[in-house]
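Enquirer: Please read through the structure below; I'll follow up with questions.
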């Protein structure tokens, strides 16, 4: 090989070796020393933060938030262990034309919705018993919560009662109401200064109940006809008989009961209002980062989870606004994969909560609650941050893009 050919041969070999090295040095993976040479606002590539690998303090607190259930398709009535529920029902918008009428009979008809708590076959066959008392205070059925009432909110003289076994969907019961009470309702419709006010009635469980049962409420909107609470009044006025049948009413359930938390789990329950507030420490993610994606994983403790057959079987996460745990914004809903409940905490409608916290908004955490929070008594149990099996603890994976700012 002559000298000229040898020279070009050596130059070619050096090119093959050196060019990839130069290319690598220009890749979008600058060292910490090189970051200062990147223009402000430029990205340095997508990075992944994994709470199972990296450092993130997650704190978890169980909170009881009173809830209004007036939008529920159920009216829940009964006792079960330490749990009890009364339902309030108010028929209104009566015509003022029936003052001075004589009430011959008044019949309340309720339809069983085949909902029972607890959710076992034995409970489905359980007995329910309740008395009907006057509501003695003006209560807003659309906002009332359990802590809004006291012993003086309800009368002590029974205006009707029922004891029996409800086992079939849409099974109906009829209860004769005190005609004097119903006459007061009609008089009040004609004159709001009348002393016998119409604040509604309370279906209050008695000793004949060993289960909580659900009746179709005034909010039931599906196609089944004739299942809402109805009132039939037969009366006479000026010697003329008349009949009133109405479903025009409001209803709400007031449920109370304890919820036991496990050593390694946290529990939430709809209807009563037990939720979990979870906070995430983002101090190990650059404050100037752009959050691209957030996946959050919870592992369910199936042994202590109690869901009805009609349960939606997912939970919602909401942005917490303040120390009173009020919430707002988009509800992020989980989907289930095996024993994990997974949620993607990004939305086209607003910035992810993690981005808002990085941008300086106060970090009060996220509320985790059953999706049917105001509907039923679904109870969820998930492994907490102190679970002995680390793979079952709450898990966060964040994809973010660091951005550079220069002073």
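Enquirer: Nearest 500 deg cm²/dmol is fine: what mean residue ellipticity at 222 nm does the chain get from its DSSP H runs of n ≥ 4 alone, each adding -39,500 (n - 2.57), divided by its residue count? Mind showing how you got there, number by number?
Expert: Working: 4 runs with 45 residues, N = 407.
After summing the helix terms and dividing by the residues of the chain, the value is -3500 deg cm²/dmol.
Enquirer: Further question: Simple spin-label model, 7 Å along Cα-to-Cβ: residue 293 to residue 102 in nm?
Expert: 7.8
Enquirer: Evaluate the distance, in nm, between pseudo-label points positioned 7 Å from the Cα of residue 193 and of residue 95 along their respective Cα→Cβ axes.
Expert: My value for the distance between the label points is 2.5 nm.
Enquirer: Of 343, 240, 320, how do they rank once you tally other Cβ atoms within 10 Å and put the fewest first?
Expert: Arranged by neighbour count, lowest to highest, 343, 240, 320 become 240, 343, 320.
Enquirer: Oh, and also: Work out, in µm²/s and without decimals, the Stokes-Einstein translational diffusion coefficient of region 124-237 at 4 °C, 1.567 mPa s, Rh from Kirkwood over C-alpha pairs. Provide the component values of the computation, followed by the final result.
Expert: On the way: Rh = 16.1 Å.
Calculated translational D: 80 µm²/s.
Enquirer: Assuming R0 = 45 Å, what is the FRET efficiency of residue 150 and residue 284, from their Cβ-Cβ distance, to the nearest 0.05?
Expert: 0.40
Enquirer: If you don't mind, another one. Let a ≥ b ≥ c be the square roots of the eigenvalues of the Cα gyration tensor of region 274-368; is it rounded (a/c under 1.5), or, if not, prolate (a/b larger than b/c) or oblate?
Expert: Prolate shape, in that a/c is at least 1.5 and a/b is the bigger ratio.
Enquirer: Next question, about the same structure. Suppose we keep just the alpha-carbon trace of region 65-139; what are its Rg and Dmax in angstrom?
Expert: 16.4, 50
Enquirer: If you don't mind, there's one more thing I want to ask. Given region 188-316, report the % of alpha carbon pairs whose separation exceeds 16 Å.
Expert: Roughly 81 percent, rounded to a whole number.
Enquirer: When each pair of different Cα atoms in region 240-289 is counted once in the 1/r mean, what is the Kirkwood radius in angstroms, to one decimal?
Expert: Working: mean 1/r = 0.0592 Å⁻¹.
By the Kirkwood definition, the hydrodynamic radius is 16.9 Å.
Enquirer: How big is region 248-407 in terms of Cα radius of gyration and Dmax, in angstroms?
Expert: Gyration radius and largest Cα-Cα distance of region 248-407: 17.2, 66 Å.
Enquirer: Now for a different question. Highest GNM mean-square fluctuation, the chain, Cα pairs closer than 10 Å: which of 373, 335, 141?
Expert: Highest fluctuation among the options: 335.
Enquirer: Under a GNM of the chain (C-alpha, springs under 10 Å), which listed residue has the highest mean-square fluctuation: 293, 147, 256?
Expert: It is 147.
Enquirer: Show me the ranking of peptides 172-178, 112-118, 310-316 by mean Cβ neighbours inside 10 Å, starting with the highest.
Expert: 112-118, 310-316, 172-178
Enquirer: Still on this structure, I have one more. Which residue, 235, 203, 298, has the most motion in a Gaussian network model of the chain that connects Cα atoms within less than 10 Å?
Expert: So, out of 235, 203, 298, the one fluctuating most is 235.
Enquirer: So what is the relative contact order of region 252-345, in percent, for Cα pairs below 8 Å that sit 6 or more residues apart?
Expert: Details: 89 pairs, mean separation 22.0, N = 94.
Relative contact order here is 23 percent.
Enquirer: Could you point to the label whose value was computed as Rg and Dmax of the Cα atoms in Å for the structure here, given (1) 31.3, 133; (2) 24.0, 94; (3) 58.6, 174?
Expert: (1)
Enquirer: So, one more: Which whole-number percent gives the relative contact order of region 276-407, counting Cα pairs below 8 Å spaced six or more residues apart?
Expert: Relative contact order of region 276-407: 43 percent.
Enquirer: Can I ask one more? In terms of the ratio Rg/(2.2 N^0.38 Å) built on C-alpha atoms, what value belongs to region 188-264?
Expert: Working: Rg = 18.9 Å, N = 77, 2.2 N^0.38 = 11.5 Å.
Output field value: 1.65.
Enquirer: Each label point is 7 Å from the Cα along the Cα-to-Cβ direction; what then is the distance between the points at residue 324 and residue 261, in nm?
Expert: 2.3
Enquirer: Same structure again: Provide, in order from the shortest bin, the percent of all Cα-Cα pairs of region 130-191 in each 10 Å bin, continuing until the bin that contains the maximum pair distance.
Expert: All Cα pairs considered, the percentages come to 16, 36, 38, 9, 0.
Enquirer: Relative contact order for the chain using alpha-carbon pairs under 8 Å, separation at least 6, rounded to a whole percent?
Expert: Relative CO of the chain lands at 25 percent.
Where a number appears in this text, it was derived from the coordinates with a stated rule and is not lab data. Bear in mind that the values here come from a model prediction, so they are computed numbers and not experimental data. Quick reminder, even Gly has a Cβ in these numbers, built from the backbone with ideal geometry, and neighbours come from all protein chains shown.
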